[in-house]
1. Being under 12 Å from the mean Cα position of the chain (by Cα) and farther than 19 Å from residue 62 by Cα narrows it down to one of 120, 104, so name that one.
2. Restricted to the range 27-60, and to residues that are over 17 Å from the mean Cα position of the chain (by Cα) and assigned to a loop (DSSP other than H, G, I, E, B), which residue is nearest to residue 173 (Cα to Cα)?
3. Every residue in the range 126-164 that is in a loop (DSSP other than H, G, I, E, B) and at pLDDT below 95, please.
4. Could you say which residue among 80, 1 is modelled with pLDDT under 95, surrounded by 12 or more Cβ atoms within 10 Å (Cβ to Cβ), over 17 Å from residue 177 (Cα atoms) and not charged (D, E, K, R)?
5. Tally the residues that are of a type in the set (Ser, Thr, Tyr), farther than 21 Å from residue 61 by Cβ and in contact with an Asp or Glu (Cβ under 9 Å, 6 or more places away or on another chain), restricting the search to the range 123-176.
6. Consider residue 62 carefully, then state whether it is touching a Gly at 6+ places or on another chain (Cβ under 8 Å) and under 20 Å from residue 141 (Cβ atoms).
7. Looking at this structure, is residue 137 touching a residue at least 24 places away in the same chain (Cβ under 8 Å), surrounded by 12 or more Cβ atoms within 10 Å (Cβ to Cβ) and of a type outside the set (Phe, Trp, Tyr)?
8. Please tell me if residue 33 is surrounded by 10 or more Cβ atoms within 10 Å (Cβ to Cβ) and modelled with pLDDT under 60.
Amino acid sequence: MNRRIGLLPFLILIAVSAWAQMGGPPGPEVKKLDYFVGTWTTEGMIAQGPWGAGGKFTASGTSEWMSGNFFLQSHSDAKMPPEVGGDSKDFAVMGYDTQANVYTYDSFNSQGRHESSKGTLSGDTWTWTSSSNYGGMEIQGKMTIKTVSPTSYTMKYEVSMDGKNWMPFMDVKATKK
């Protein structure tokens with residue numbers, strides 16, 4: 001019995017230390033991701049380019065807070081032109097990295113792709129950057145999301161082979177239901 005009482009202050013110290021390292025409740029940066037919570041529909045156009053003729057596409061998805069409200073989880077279905085991969089199902093996680101002071105976005109799709117992006121927010125504009133390997137080529141990505149209203153945004157996604165010369169890949173309009 002005395003052994004257990006002797007361990008109690010030690011266990012409390014460990015629990016308090018773990019809480020302090022976790023940083024407490026979500027900060028104001030994390031709460032800004034609340035904009036993306038809900039059910040969204042998107043429609044857009046993929047530009048013609050080295051990937052093919054492009055064309056129209058649609059997607060729908062739902063984002064919600066994971067337990068603890070530190071990360072958003074999203075599930076979506078996309079109907080894309082065949083030359084850019086065709087239809088897919090996606091799972092994504094958004095958060096905020098307090099050490100690097102950037103937003104994070106990791107997506108995984110039914111075609112076996114995993115993409116990671118880092119983001120910033122300035123006013124009503126989110127800017128996300130990424131680097132992906134497609135067929136042995138390193139491709140830079142830049143996604144710009146402009147908040148139009150509490151229930152809509154526009155998005156432009158550009159790609160580059162060298163990080164200097166950018167070409168449009170897609171333009172999107174998203175609406176929250």
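The values are calculated or read from the model by the stated rules, or taken from the named source; none is laboratory data. For clarity, every value in this text was computed on a predicted model and none was experimentally measured. No Cβ is skipped: glycine too gets one built from the backbone with ideal geometry, and neighbour counts run over all protein chains shown.
1. Of the residues listed, the single one that is under 12 Å from the mean Cα position of the chain (by Cα) and farther than 19 Å from residue 62 by Cα is 120.
2. Restricting to residues being over 17 Å from the mean Cα position of the chain (by Cα) and assigned to a loop (DSSP other than H, G, I, E, B), the top hit is 47.
3. Answer for the range 126-164, where residues must be in a loop (DSSP other than H, G, I, E, B) and at pLDDT below 95: 135, 136, 161, 162, 163, 164.
4. 80
5. Number of matching residues: 1.
6. Against the criterion (touching a Gly at 6+ places or on another chain (Cβ under 8 Å) and under 20 Å from residue 141 (Cβ atoms)), residue 62 does not qualify.
7. On the way: touching a residue at least 24 places away in the same chain (Cβ under 8 Å): yes; surrounded by 12 or more Cβ atoms within 10 Å (Cβ to Cβ): no; of a type outside the set (Phe, Trp, Tyr): yes.
So residue 137 fails the test.
8. Values: surrounded by 10 or more Cβ atoms within 10 Å (Cβ to Cβ): yes; modelled with pLDDT under 60: no.
Answer is no for this residue.
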